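Chemist: Structure below; questions to follow.
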Amino acid sequence: MDLRRRSSSAAAKASDALPLPLHLTNAFFFTLFFSVAYYLLNRWRDKIRSSSPLHLLSLSDLAAVFALLASVIYLLGFFGIHFVQSFVARPADDDVEPSECSSLDKVDGQEDNVIMADSVTKGAAQPSPLLCTEPVKLVACGVDNGIMVDSVMKGKRVIQPSFQNVKPVLKEFSSSADRVYHDEDDVVIDSVVNGIVPSYSLESRLGDCRRAAAIRREALQRTTGRSLGGLPLEGFDYNAILGQCCEMPVGYVQVPVGVAGPLLLDRAEYTVPMATTEGCLVASTNRGCKAIYASGGATSVLLRDGMSRAPVVRFATANRAAELKFFLEDPLNFDTLTVVFNKSSRFGRLQSIKCSIAGRNVYLRFTCSTGDAMGMNMVSKGVQNVLDFLQSDFPDMDVIGISGNYCSDKKPAAVNWIEGRGKSVVCEATIKEHIVKKVLKTSVAALVELNMLKNLAGSAVAGALGGYNAHASNIVSAIFIATGQDPAQNVESSHCITMMEAVNDGRDLHVSVTMPSIEVGTVGGGTQLPSQSACLNLLGLKGASKDSPGSNSRVLATIVAGSVLAGELSLMSAIAAGQLVKSHMKYNRSSRDMSRVSS
């Protein structure tokens, strides 16, 4: 077949119907869209500031709205034209023959339908010949630059010069016969090992997330020379994490999930899932739940509910920085900023803005409600809207970063301990004297004294920041992993002060935990994965609340606090009774020969 004659025939394009060249038309409508959008936003801001009705439009406003609609319609049509054109310009399958070595003797790289695999055309993405999902027919062709692979891929001839460092397949061919290679995964693995195909692009190129993980895993083993045999691959839905939870997966880690409870909290019973590898933790928390249940249950109060994000901006002078601080803290401006912030989400509602200055730098701490989501992305979008809005009144404002650590996220910080972040919860219970003796195996007086010397005085001597507790982070981490929360936010979510007092003439024990920054959600992130979703379903908190948006995440925060209360009660009792070492030696030690198990 004459390749040159076939390439000279021009394919019909849908964009030929445009009166101007496609790039000029695109430039015109893109410019029109952004200019009228900017004009309308400024008009909207002026009307809000002057309290003018938004529905009253001038002729210029109507013209701008018409131009905006026209540009939107064109841009949508442009993508439609591009989609249709991809079908119109596609070559027919019968235009390409699978193997034709005789016609390739004079390849000079100029034919339109012949792609050299080692040369990337500028501005055009080339399909990789190593990623075919069907068996590839490999033909040994005698040409000047060595062995060449001729494979049919998506209706185009792909000619690839030999890769000297790619070992399989190519070295096995003789120049006298064709062979069909059926295990195309080995070709892809070698292309990853040799850097021809980036490991991170396997999911998008293959269209099969499980296969991509297996190929990446094998390539990693060949590259490092170390086995991943103990890391499971099968039995996991890799499609569920694509673009959401984890990049470049090679398997998954098994963390056992235990249950503690029932936890009687606010007159409702919860069986609490805990994912952990620490012995005694679930059993200890379960004992605390038993003591609370036998004493009539625990009660909780939600004090605050608001996620924060704090960008940092800079000005030329400290005086100018102070002007922004005064502007943002002026109650007259708050309503306008609230409208700008809230348009980013149906559930994100701005609650407050607090500013702190360091020289000519301003740190703006935005706090907003986020419904049933943990809300980091939600508050970040709202903050970006406000920063864009402020740029018109403060054009000299230089935005250094969307986060300036005044938030403060995933770091111990006094601002979270004092102001709170996420959900602020206090949970309490009164444990009867006979329950302290029978279930906890200690006395009220011993617990009160130990709490004062350990959790309060001992933590103060250590200079603790929010760590006035026995092991709140143990329970928080276990519940976070089980329910799909961000484990790194255990840092501030474990801020807790545990209080114990003798009440009812010293007979009973009043115990409480105050946790100012529990950061949890029941939608988004890891909560949507099957295992984590099942644990949320066990608590009756799966997904968003339809009746009362935000209530599911708030209940989850109180469950975390109630479980911490149970864990604190049990561990402190074990220490007071001198049982800590004995119980860990019994439940947290293994007599198995791990060298034999691993082999």
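Chemist: Filter the stretch 442-484 down to residues that are in contact with a Gly (Cβ under 7 Å, 6 or more places away or on another chain) and closer than 21 Å to Leu556 by Cα and give me whichever is most open to solvent (accessible area, probe 1.4 Å).
Modeler: Going through the qualifying residues, I end up with Asn474.
Chemist: Out of (1) open to solvent by 50 Å² or more (accessible area, probe 1.4 Å); (2) in contact with a Lys or Arg (Cβ under 9 Å, 6 or more places away or on another chain); (3) closer than 18 Å to Asn451 by Cα, what's the single condition that is false for Ser573?
Modeler: Only one criterion is unmet by Ser573, namely (1).
Chemist: Return yes when Arg267 is on the phi > 0 side of the Ramachandran plot and assigned by the TED database to the domain that holds Ser473 and no when it is not.
Modeler: Spelling it out, Arg267 is indeed on the phi > 0 side of the Ramachandran plot and assigned by the TED database to the domain that holds Ser473.
Chemist: Let me ask another. For the subset of the stretch 216-259 comprising residues that are hydroxyl-bearing (Ser, Thr, Tyr) and within 26 Å of the chain's Cα centre (by Cα), which member is most open to solvent (accessible area, probe 1.4 Å)?
Modeler: By that ranking, first place goes to Tyr252.
Chemist: Given the criteria of a type outside the set (Asp, Glu), outside any helix (DSSP H, G or I) and assigned by the TED database to the domain that holds Thr299, does Cys427 qualify?
Modeler: Taking the combined requirement at face value, the residue satisfies it.
Chemist: Please determine, by comparing only the residues of the stretch 500-531 that are assigned to a helix (DSSP H, G or I) and polar (S, T, N, Q), which one is farthest from Gln485 (Cα to Cα).
Modeler: Ser531
Chemist: What number of residues within the stretch 524-565 satisfy the criterion of being on the phi > 0 side of the Ramachandran plot and in contact with a Ser or Thr (Cβ under 9 Å, 6 or more places away or on another chain)? Step through it out loud before you land on a result.
Modeler: The first filter runs over the stretch 524-565 and keeps only residues on the phi > 0 side of the Ramachandran plot, leaving 524-525, 540, 543, 550.
Among the residues that remain, those that are also in contact with a Ser or Thr (Cβ under 9 Å, 6 or more places away or on another chain) are: 543, 550.
So the count comes out to 2.
Chemist: Now, a different point. Report, by residue number, each residue of the stretch 253-271 that is at pLDDT 95 or above and in contact with a Phe, Trp or Tyr (Cβ under 9 Å, 6 or more places away or on another chain).
Modeler: Hits for the stretch 253-271 are Pro262, Leu263, Leu264, Glu269.
Chemist: Counting only residues that are surrounded by 12 or more Cβ atoms within 10 Å (Cβ to Cβ) and over 25 Å from Asn333 (Cα atoms), how many does the stretch 35-60 have?
Modeler: 2
Chemist: Residues Lys381, Lys432, Lys410: which one is assigned by the TED database to the domain that holds Arg554 and either among the charged types (D, E, K, R) or at pLDDT below 95 (or both)?
Modeler: Of Lys381, Lys432, Lys410, the one residue that is assigned by the TED database to the domain that holds Arg554 and either among the charged types (D, E, K, R) or at pLDDT below 95 (or both) is Lys432.
Chemist: Let me ask something else. Mind counting the residues in the stretch 339-368 that are of a type in the set (Gly, Ala, Ser), buried (at least 21 other Cβ atoms within 10 Å of the Cβ) and in a strand (DSSP E or B)?
Modeler: Residues in the stretch 339-368 being of a type in the set (Gly, Ala, Ser), buried (at least 21 other Cβ atoms within 10 Å of the Cβ) and in a strand (DSSP E or B): 0 in total.
Chemist: Further question on the same structure: In this structure, is Asp593 closer than 28 Å to Ser369 by Cβ, at pLDDT below 95 and open to solvent by 20 Å² or more (accessible area, probe 1.4 Å)?
Modeler: no
Yes or no, residue by residue, for (1) in contact with a Phe, Trp or Tyr (Cβ under 6 Å, 6 or more places away or on another chain); (2) small (Gly, Ala, Ser):
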{"residue": "Gly348", "(1), (2)": "no, yes"}
{"residue": "Cys355", "(1), (2)": "no, no"}
{"residue": "Tyr363", "(1), (2)": "yes, no"}
{"residue": "Phe366", "(1), (2)": "no, no"}
{"residue": "Gln391", "(1), (2)": "no, no"}
{"residue": "Gly401", "(1), (2)": "no, yes"}
{"residue": "Gly404", "(1), (2)": "yes, yes"}
{"residue": "Trp417", "(1), (2)": "no, no"}
{"residue": "Cys427", "(1), (2)": "no, no"}
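Chemist: Within the stretch 369-388, how many residues are of a type in the set (Asp, Glu) and either surrounded by fewer than 20 Cβ atoms within 10 Å (Cβ to Cβ) or in a strand (DSSP E or B) (or both)?
Modeler: 1
Chemist: Could you check the stretch 460-509 and list, in sequence order, the residues that are within 18 Å of the chain's Cα centre (by Cα) and of a type in the set (Phe, Trp, Tyr)?
Modeler: The answer is Phe480, and nothing else.
Chemist: Which of the residues that make up the stretch 305-325 are open to solvent by 50 Å² or more (accessible area, probe 1.4 Å) and in a strand (DSSP E or B)?
Modeler: The one that is open to solvent by 50 Å² or more (accessible area, probe 1.4 Å) and in a strand (DSSP E or B): Arg314.
Chemist: Next question. Being open to solvent by less than 30 Å² (accessible area, probe 1.4 Å) and either in a strand (DSSP E or B) or in contact with a strand residue (DSSP E or B) (Cβ under 6 Å, 6 or more places away or on another chain) (or both) is the filter here, so list the residues in the stretch 283-304 that pass it.
Modeler: Thr285, Cys289, Ala291, Ile292, Ser295, Gly297, Ala298, Ser300
Chemist: Every residue in the stretch 326-338 that is out of contact with any strand residue (DSSP E or B) (no Cβ under 9 Å at 6 or more places or on another chain) and surrounded by 13 or more Cβ atoms within 10 Å (Cβ to Cβ), please.
Modeler: Once the filter is applied, which keeps residues that are out of contact with any strand residue (DSSP E or B) (no Cβ under 9 Å at 6 or more places or on another chain) and surrounded by 13 or more Cβ atoms within 10 Å (Cβ to Cβ), the stretch 326-338 yields Phe327, Asn333, Thr336.
Chemist: Also, quick follow-up: Can you tell me which residue within the stretch 389-410, out of those that are within 19 Å of the chain's Cα centre (by Cα) and surrounded by 20 or more Cβ atoms within 10 Å (Cβ to Cβ), is farthest from Ser356 (Cα to Cα)?
Modeler: Here the answer is Asp409.
Chemist: Something else about it: Collect the residues in the stretch 260-282 that are free of Cβ contacts under 8 Å to residues at least 60 places away in the same chain, surrounded by fewer than 19 Cβ atoms within 10 Å (Cβ to Cβ) and not in a loop (DSSP other than H, G, I, E, B), keeping them in residue-number order.
Modeler: Going residue by residue through the stretch 260-282, those that are free of Cβ contacts under 8 Å to residues at least 60 places away in the same chain are 261-262, 264, 267-269, 277.
Those still in the list that are surrounded by fewer than 19 Cβ atoms within 10 Å (Cβ to Cβ) too: 262, 267-269, 277.
Listed by number, the residues that qualify are Pro262, Ala268, Glu269.
Chemist: Continuing with this model, one more query. For the stretch 485-505, what are the residues that are among the small types (Gly, Ala, Ser) and open to solvent by less than 40 Å² (accessible area, probe 1.4 Å)?
Modeler: Listed by number, the residues that qualify are Ser493, Ser494.
Chemist: Here are some residues: Ala414, Ala470, Ala462. Which one is among the small types (Gly, Ala, Ser), over 30 Å from Cys355 (Cα atoms) and out of contact with any strand residue (DSSP E or B) (no Cβ under 9 Å at 6 or more places or on another chain)?
Modeler: Result of the check over Ala414, Ala470, Ala462: Ala462.
The values are calculated or read from the model by the stated rules, or taken from the named source; none is laboratory data. Predicted model, so just to flag it, every value in this text is computed and none were measured. No Cβ is skipped: glycine too gets one built from the backbone with ideal geometry, and neighbour counts run over all protein chains shown. Note: accessible area is taken over every heavy atom of the protein model, side chains too, but ligands, DNA and RNA are not part of it. Shrake-Rupley method; radii C 1.70, N 1.55, O 1.52, S 1.80 Å.
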